[in-house]
1. How charged is the neighbourhood of residue A:30? Take every other residue with its Cβ under 15 Å from the Cβ of residue A:30, and add Lys/Arg as +1 and Asp/Glu as -1.
2. Across the protein assembly as shown, what fraction of all alpha-carbon pairs, as a whole percent, falls in each successive 20 Å bin from zero upward?
3. What FRET efficiency, computed as 1/(1 + (r/R0)^6) with R0 = 41 Å and r the Cβ-Cβ distance, is obtained for residue B:79 and residue A:159, rounded to the nearest 0.05?
4. Would you calculate the separation in nanometres between label points at residue B:27 and residue A:192, each defined as 7 Å from the Cα along the Cα-to-beta-carbon direction?
5. Between residue B:53 and residue A:40, take the C-beta separation as r, use R0 = 51 Å, and let me know the FRET efficiency to the nearest 0.05.
6. Among all the lysines, which ones have a C-alpha under 19 Å from residue A:170's C-alpha, if same-chain residues fewer than 8 places away are not counted?
7. Ignoring ligands and nucleic acids, what accessible area does residue B:17 show with a 1.4 Å probe (Å², nearest 10)?
8. Quick one: length gained pulling residue A:152 to residue A:19 fully straight, 0.36 nm per residue minus the C-alpha distance?
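The values are calculated or read from the model by the stated rules, or taken from the named source; none is laboratory data. Quick caveat: nothing in here was measured; it's all calculated off a predicted structure. Virtual Cβ from ideal backbone geometry, glycine too; neighbours counted across all protein chains shown. Please note that ligands, DNA and RNA were not included when accessible areas were found on the heavy atoms of the full protein model with its side chains. Shrake-Rupley method; radii C 1.70, N 1.55, O 1.52, S 1.80 Å.
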Amino acid sequence: MRSIVYYIREFLRPEWLKKFFFAKTAPLVTPSYFKDYPTLTDKECTGCFSCMMICPAPGGIEVLRRKDQWVPEIYPGHCIRCGLCVEACTEGVLTSGRILDVTRRDGTALRSWYHLEVDDALCMRCGNCCVSCPINKQEDPQLGSTGTSSSDEVIMRIEGGRVRILHEEKCTGCKTCETHCPNGAIRVARMVEGAHEEVEA
Amino acid sequence: MSILQDIKNAVRSRSIHVSYVDVGSCNGCDIEVLACLAPRYDIEQYGIYVHNNPREADVLLVIGSVTPQWVDKLRNIWDKIPEPKVAVAIGNCPISGCVYNRRGSLINPPVSKYIPIAAQVPGCPPRPTEILSAILSVAPLIFKDYEESKS
Ligand code: SF4
Ligand code: SF4
Ligand code: SF4
Ligand code: SF4
């Protein structure tokens, strides 16, 4: 009997009733370090497209030409908020959460280049890739229509009956060659490597 | 009529039943929906109850980028939900197909092609708070004065 009275008294305490019926978890605020959709800083975009190239989500980011400047645009619904574009941008145009702070503190960066590979078994030596490449055209305006060239400065040329890649490092990753190859023989791969510089203690 | 409607409004605002369906995704969004149930976010304190029965649901959370096998089944589920009802797309997948939207993948987004979607919560995955606030903000739009606006 005493215990029943005890329980009734205990549960009728206004404080307990209030907590029981009206308790709410604290309003949940988004922490400042939340890696949200990247936003723009006031730095100027150079239109290097590193951000677009590293984006793992199809259609996540596009760098658009607006009047006289480049503006990266992030598309929610496509972007997966991985933050890679923020890390890849050398200009610091994009920011999200504390990625920039952490990369600055740790001295990390992403190094990327393009790797060209021609599958000799598929390639029929048409030279389309060498001719369509805009950098090739720039380096050697006299480039032959079959992809031959006397210049050593071109990215690639037809030489000795096959495609020879001379200056992979000049490739901008536009993939024009890939789309113009009738056999899918040439592949442009974006290679990315994390780089870390020793921080002074 | 209007008193009855007021009662219905009051009840409905505290009793939103949610059913969710994953039509082909990585399960990341499912985990975030389940995180809403956990004490940290505690979806039930807002009167939202998650249990997977379309027949007693008000809100359908659609997750995933719609694989061919789901096309007719998603429609079935949607038809089973009694009026008034609302579908919310959770995550990038139902909006764009997200990272699966590539050559050679067997998906067919967006979900809005198959059932009417009232709200989208982008993110891969969205935060539980984003899911919560989406449900809370879309539910009154659909359920408030439902009978009166229908007639
Ligand atoms: S955060 Fe990731 S997914 Fe989003 S735009 Fe940047 S690279 Fe693409
Ligand atoms: S990586 Fe930076 S500078 Fe380059 S296009 Fe993207 S936003 Fe612009
Ligand atoms: S990707 Fe563009 S720049 Fe690079 S080799 Fe092909 S066409 Fe030339
Ligand atoms: S376009 Fe393709 S098939 Fe033609 S030379 Fe280049 S890699 Fe070979």
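1. Numbers: positive: A:35, A:81, A:98, B:40, B:127; negative: A:36, B:32, B:130.
Net charge around residue A:30: +2.
2. Going out from 0 Å in 20 Å bins, the protein assembly as shown shows 22, 41, 26, 9, 2, 0 percent.
3. On the way: r = 65 Å, r/R0 = 1.58.
The computed FRET efficiency comes out at 0.05.
4. For the pair residue B:27/residue A:192, the computed spacing is 2.6 nm.
5. Once rounded, the FRET efficiency stands at 0.70.
6. Filter leaves A:137.
7. Approximately 40 Å² for this residue.
8. Values: separation 133, 0.36 × 133 = 47.88 nm, distance 7.96 nm.
Roughly 39.9 nm would be gained on extension.
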